[in-house]
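**Student:** Encoded as structure tokens, here's the structure I'll be asking about.
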Amino acid sequence: MNKKLLLGAEAVAVAAIDAGISGVYAYPGTPSTEITTYIQNSAEAREKNIHSRWSANEKTAYEAALGMSYSGKRALICMKHVGLNVAADAFINSAITGCNGGMVLLVADDPSMHSSQNEQDTRMYGKFAYLPLLEPSNQQELYDAVKYAFDFSEKISLPIIVRVTTRLSHSRAVVVQSDKRPQNALNPSTQENSWILLPANARKNYANLLEKQTQLLEESEQSFLNKSIQGSGNIGVIAFGIAYNYAMEIKTTHALDCGVLKISHYPLPLKTIEAFVKNYKTIVIAEEGYPIYEELLPAYFPHTTFVGRLTGALPRMGELNPKLLGESLGITLPVHHASSDIVVPRPPQLCQGCGHRDLFEELNHILEKYEHKHVFSDIGCYTLGALPPFNTISTCVDMGASITMAKGAADAGLHPAICVIGDSTFTHSGMTGLLDAVNDESSITVIISDNSTTAMTGGQDSSGTGKLYDICKGIGVLPEHIHLVVPIKKNREHNIRILSQEIEYKGVSVIISQRECVQVAIRNQKKS
Amino acid sequence: MQKNYIIAGVGGQGILSMAAIIDVTAMNSGLYVKQAEVHGMSQRGGSVEAHLRISDTEIFSDIIPLGEADCIIATEPMEALRYIPFLKEHGTIITASKSLINCANYPDKEVLDKELQSKIHCITIDADAIALSCGSIKTSNIVILGAASNYLGIDEAQYIQAIKTLFASKGTDIVNMNICAFSKGREYKN
Ligand SMILES: Cc1ncc(C[n+]2csc(CCOP(=O)(O)OP(=O)(O)O)c2C)c(N)n1
Ligand code: SF4
């Protein structure tokens, strides 16, 4: 018996290797990054020649995995929740094509937005695409679920979604491994028509997908991931995914007589739910995410009272925890030591010696003389330029939005229209926006703050390293308006001069402000 | 038996290594372990915490319920104080005495010490000095862990074994420094 202490994310990686994947395709994003890093560092994966290099973004990752599946092999795709917005076109359409080799999409949601822009609930995407979704509650289940998902995917010829949240992905527990399965042989799909989504084929495929729903539902009804614990009281809890842990924590510690039904497999197994609901007067719906099923269930069971996020029994937003589940069941957890009011927040900061720091200082200096001090920015370590002492940036919306928002603002007449984007974000989804700006001859100043890594998520390789100049030139930015600068104190005057000059240029200019991330430098030093 | 520990500090202070040592120790002692940790944003000098639960029966919640932590083990005194609502009535805080001031409005040191000592059983340790005496200030976190180990149960030998396993790839010097730090921390009396 092989026992390992694993993060949820690592349990996914180990399960995928054991399930015989031939590739993992991913773009970093907290809390999903560690899955791919684990596979990259695994000697076993290397020996088995499992593809694990980072993709440029989530859409390219998804499509490459689809190609691997088309060829008959198994592929894992990993991303954070907002990554699925980027991959959504490929994802939704892959439900229409179906797959050949097993295909599992792991999405990591971030309720409470520990490190994200929103707390969107991937279960919505599951419903949206009519695909099965699994939502395990602990690391062992997660391991088992991923392995099962690959088999199920091949059996039903559809991609399967596995949803985790930050808490499960970043929590460690002992996992017991089961049998390993070899990789599939090359076996390209021969069902040509199902892969060509011309309307005539697409209609047929879509009808086929709808027909499969009965089978998917039967699978949910019998799922090993769902579990019903009967209680003798009037209250039952339907706990989805990890909410089960909090419900059970409270039930066992306080010896409550409530029943608990754990649901971890969708489409929603209504018969299982019906069998549970009829035993109770009141049902607490505990969903780690949107109140999706709390909206739906009351219509099915008009004689039962449902409480949850919509009724105020649980908060409308944010991650659940034992305290909140306790309150929904009438238990107040004791606080013996009240919070101390002398404790102050300790927000994260740009590291000392980080090149983003010098860039923001240069920009702040330049902007002093302008009335409009707006800097469109993006997502990465440099987003911390929003905080004191810099307060430089004005926006951070979605990856790549800095360039396109600056372009729109320039179209509106805003001057200067400056944007700051990281190197990884630029190749993720900044390049197409730059092409728009070039074609429109927009007056924008694009600063690529290039630390040659994806620092925010822990320093993964960045797709554009060493290629940024050529990319910008290829997109059509005039070479005389592409500058390479090094943001260090010594160069401050020089950099300010170049930036000032390009801000006044009536067209697209790109400044590549290039300095290695100190964390990556330290890591590389340790390695050598 | 169930024990709940919060390990707290500032990004870069080695919180996750401390947690890893307890994890491995508990696993090798045949116990259930759950450990929720914070990755991502907080690692750049922000607050970092790990919730660690060990038990001889199944553990459900990854997060420690309010009021149920046996110990708060901290590498920084204000961070120790941050999590006191989680502490049991007669719980213990074991913290490094040295403040790390990288944020606005950090409390006055005297007020902070008074707050820590007044309500709670709190052990503060000059971990840096002890770590230095073992050869590297980088082992401060392990000094704290050693002091905390007196309250966590489990044999000393199991911890030492876990340190050997986890630091093995870094060479014998590093292993020995950490064992020294752990043992001196464990011998520490307030
Ligand atoms: C669609 C999407 N995918 C992934 C992420 C997670 N994420 C945020 S910033 C970032 C990368 C930042 O890298 P870079 O632009 O090079 O900036 P750096 O952090 O290195 O300064 C990632 C992967 C996200 N927020 N949105
Ligand atoms: S991790 Fe790298 S990019 Fe991020 S703040 Fe530190 S030095 Fe800057």
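Bear in mind that the values in this text are calculations on the coordinates, not laboratory data. Everything numeric here is computed off the predicted structure, so don't read it as measured data. Reconstructed Cβ throughout: ideal geometry from the backbone, glycine too, with neighbour counts over all protein chains shown.
**Student:** Check every one of the helices (runs of 4 or more DSSP H) wholly within the range B:73-190 and list those with 3 or more residues that are among the hydroxyl-bearing types (Ser, Thr, Tyr).
**Tutor:** Numbers: elements: B:77-82, B:109-119, B:127-133, B:140-152, B:156-167, B:172-187.
Result: B:140-152.
Each row is one residue, and each column tells you yes or no for (1) surrounded by fewer than 24 Cβ atoms within 10 Å (Cβ to Cβ); (2) under 30 Å from B:Pro107 (Cα atoms); (3) within 16 Å of ligand 1 (Cβ to nearest atom).
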residue: A:Arg316; (1), (2), (3): yes, no, no
residue: A:Gly326; (1), (2), (3): yes, no, no
residue: A:Leu333; (1), (2), (3): yes, yes, no
residue: A:Phe376; (1), (2), (3): no, no, yes
residue: A:Thr383; (1), (2), (3): yes, yes, yes
residue: A:Leu387; (1), (2), (3): yes, yes, yes
residue: A:Gly408; (1), (2), (3): yes, no, no
residue: A:Asp411; (1), (2), (3): yes, no, no
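**Student:** How about the range A:474-496: which of its residues are within 16 Å of ligand 2 (Cβ to nearest atom) and assigned to a helix (DSSP H, G or I)?
**Tutor:** Of all residues in the range A:474-496, those within 16 Å of ligand 2 (Cβ to nearest atom) come to A:486-489.
Within the range A:474-496, A:Lys489 is the sole residue that qualifies.
**Student:** Among the residues that make up the range A:187-200, is at least one of them touching a residue at least 40 places away in the same chain (Cβ under 8 Å) and not in a loop (DSSP other than H, G, I, E, B)?
**Tutor:** yes
**Student:** Would you mind finding the one in A:Leu296, A:Leu384, A:Leu320 that is within 28 Å of the chain's Cα centre (by Cα), within 14 Å of chain B (Cβ to nearest Cβ) and not in a loop (DSSP other than H, G, I, E, B)?
**Tutor:** Numbers: A:Leu296 fails: within 14 Å of chain B (Cβ to nearest Cβ); A:Leu320 fails: not in a loop (DSSP other than H, G, I, E, B).
Going through A:Leu296, A:Leu384, A:Leu320 in turn, just one is within 28 Å of the chain's Cα centre (by Cα), within 14 Å of chain B (Cβ to nearest Cβ) and not in a loop (DSSP other than H, G, I, E, B): A:Leu384.
**Student:** If you don't mind, another one. Could you list all residues from the range A:66-80 that are assigned to a strand (DSSP E or B) and either among the charged types (D, E, K, R) or over 18 Å from A:Pro28 (Cβ atoms) (or both)? Please lay out each step first, then the result.
**Tutor:** Initially, the range A:66-80 is screened for residues assigned to a strand (DSSP E or B), giving A:74-80.
Correct list: A:Arg74, A:Lys80.
**Student:** Follow-up question, since we're still on this one. Only residues that are more than 14 Å from A:Ala26 (Cβ to Cβ) and touching a residue at least 60 places away in the same chain (Cβ under 8 Å): list them for the range A:40-65, please.
**Tutor:** A:Lys48
**Student:** I've got another one for you. Take residues that are closer than 14 Å to A:Leu325 by Cβ and within 14 Å of chain B (Cβ to nearest Cβ) and tell me which of the strands (runs of 3 or more DSSP E) falling wholly in the range A:223-272 contain 2 or more. Let's see the steps before the verdict.
**Tutor:** Working: elements: A:227-229, A:235-240, A:259-263.
Strands (runs of 3 or more DSSP E) meeting the threshold: A:235-240, A:259-263.
**Student:** Right, next: Looking only at the range B:13-45, how many residues end up being farther than 30 Å from A:Gln349 by Cα, more than 7 Å from every other protein chain (Cβ to nearest Cβ) and in contact (Cβ under 8 Å) with a residue 40 or more places away in the chain?
**Tutor:** 4
**Student:** Also, I was wondering about something else. Do you know which residues across the range A:497-528 are closer than 26 Å to A:Ala410 by Cβ, within 16 Å of ligand 2 (Cβ to nearest atom) and surrounded by 19 or more Cβ atoms within 10 Å (Cβ to Cβ)? Working first, answer last.
**Tutor:** Here is the first cut: in the range A:497-528, the ones closer than 26 Å to A:Ala410 by Cβ are A:497-514.
Narrowing further to those that are within 16 Å of ligand 2 (Cβ to nearest atom): A:512-514.
Once the filter is applied, which keeps residues that are closer than 26 Å to A:Ala410 by Cβ, within 16 Å of ligand 2 (Cβ to nearest atom) and surrounded by 19 or more Cβ atoms within 10 Å (Cβ to Cβ), the range A:497-528 yields A:Ile512, A:Ser513.
**Student:** If you don't mind, there's one more thing I want to ask. Going residue by residue through the range A:450-473, is there one that turns out to be under 17 Å from A:Ala410 (Cβ atoms) and either more than 16 Å from ligand 1 (Cβ to nearest atom) or not in a helix (DSSP H, G or I) (or both)?
**Tutor:** No, the range A:450-473 has no match at all.
**Student:** Still on this model: For the range A:423-449, enumerate the residues that are in a helix (DSSP H, G or I) and either within 13 Å of ligand 2 (Cβ to nearest atom) or not hydrophobic (A, V, I, L, M, F, W, C) (or both). It would help to see each step written out before you state the result.
**Tutor:** So the first thing to find is which residues in the range A:423-449 are in a helix (DSSP H, G or I), and the list is A:423-429, A:431-440.
Matches in the range A:423-449: A:Asp423, A:Ser424, A:Thr425, A:Thr427, A:His428, A:Ser429, A:Thr432, A:Gly433, A:Asp436, A:Asn439, A:Asp440.
**Student:** From the list B:Val48, B:Val10, which residue is within 16 Å of ligand 2 (Cβ to nearest atom), surrounded by 19 or more Cβ atoms within 10 Å (Cβ to Cβ), more than 8 Å from chain A (Cβ to nearest Cβ) and of a type outside the set (Phe, Trp, Tyr)?
**Tutor:** Working: B:Val10 fails: more than 8 Å from chain A (Cβ to nearest Cβ).
Sole residue among the options that is within 16 Å of ligand 2 (Cβ to nearest atom), surrounded by 19 or more Cβ atoms within 10 Å (Cβ to Cβ), more than 8 Å from chain A (Cβ to nearest Cβ) and of a type outside the set (Phe, Trp, Tyr): B:Val48.
**Student:** So A:Glu192 clears everything in (1) within 12 Å of chain B (Cβ to nearest Cβ); (2) more than 29 Å from the chain's Cα centre (by Cα) except one condition, right? Which one?
**Tutor:** All conditions pass for A:Glu192, except number (1).
**Student:** Can I ask one more? Does A:Tyr148 meet the test of being over 19 Å from the mean Cα position of the chain (by Cα) and farther than 24 Å from A:Gln183 by Cα? Break it down stepwise before answering.
**Tutor:** Details: over 19 Å from the mean Cα position of the chain (by Cα): yes; farther than 24 Å from A:Gln183 by Cα: no.
For A:Tyr148, the condition - over 19 Å from the mean Cα position of the chain (by Cα) and farther than 24 Å from A:Gln183 by Cα - is not met.
**Student:** The conditions are (1) of a type in the set (S, T, N, Q); (2) in contact (Cβ under 8 Å) with a residue 40 or more places away in the chain; (3) within 13 Å of chain B (Cβ to nearest Cβ), and A:Thr282 fails exactly one of them. Which is it?
**Tutor:** Unmet condition: (3).
**Student:** Follow-up question, since we're still on this one. Just a yes or no: is a residue in the range A:460-477 touching a helix residue (DSSP H, G or I) at 6+ places or on another chain (Cβ under 7 Å), of a type in the set (Asp, Glu) and farther than 15 Å from A:Cys354 by Cβ?
**Tutor:** The answer is no, given that none of the residues of the range A:460-477 is touching a helix residue (DSSP H, G or I) at 6+ places or on another chain (Cβ under 7 Å), of a type in the set (Asp, Glu) and farther than 15 Å from A:Cys354 by Cβ.
**Student:** Let me ask another. Give me the residue from the range A:323-358 that is farther than 30 Å from B:Glu115 by Cβ and assigned to a helix (DSSP H, G or I) and, out of that set, farthest from the other protein chains (Cβ to nearest Cβ).
**Tutor:** A:Asp358
**Student:** Quickly run through the range B:143-174 and pick out the residues that are touching a Cys at 6+ places or on another chain (Cβ under 7 Å) and among the aromatic types (Phe, Trp, Tyr).
**Tutor:** Matches in the range B:143-174: B:Tyr151 only.
**Student:** Here are A:Asp436, A:Asp470, A:Asp461, A:Asp440: which of them is among the acidic types (Asp, Glu), surrounded by fewer than 24 Cβ atoms within 10 Å (Cβ to Cβ) and under 23 Å from the mean Cα position of the chain (by Cα)? Before you say what the answer is, go through the steps one by one.
**Tutor:** On the way: A:Asp436 fails: under 23 Å from the mean Cα position of the chain (by Cα); A:Asp470 fails: under 23 Å from the mean Cα position of the chain (by Cα); A:Asp440 fails: under 23 Å from the mean Cα position of the chain (by Cα).
The conditions single out A:Asp461.
**Student:** A further question follows. Mind listing just one residue for me: the one in the range B:122-148 that is touching a Gly at 6+ places or on another chain (Cβ under 7 Å) and of a type outside the set (A, V, I, L, M, F, W, C) and, of those, farthest from B:Lys88 (Cα to Cα)?
**Tutor:** My answer is B:Asn141.
**Student:** On to the next question. Would you tally the residues in the range A:21-61 being within 28 Å of A:Cys381 (Cα to Cα), part of a helix (DSSP H, G or I) and more than 13 Å from the chain's Cα centre (by Cα)? Full working, then the answer.
**Tutor:** From the range A:21-61, those within 28 Å of A:Cys381 (Cα to Cα) are A:24-42, A:51-61; that's our starting set.
With part of a helix (DSSP H, G or I) added as a condition, the list becomes A:33-41, A:58-61.
With the extra rule that they be more than 13 Å from the chain's Cα centre (by Cα), the set shrinks to A:37-41, A:60.
Looking only at that region, the number is 6.
**Student:** Looking at A:Leu216, is it in a helix (DSSP H, G or I) and within 29 Å of A:Met79 (Cβ to Cβ)? Explain how you work it out, then say what you get.
**Tutor:** Details: in a helix (DSSP H, G or I): yes; within 29 Å of A:Met79 (Cβ to Cβ): yes.
Answer is yes for this residue.
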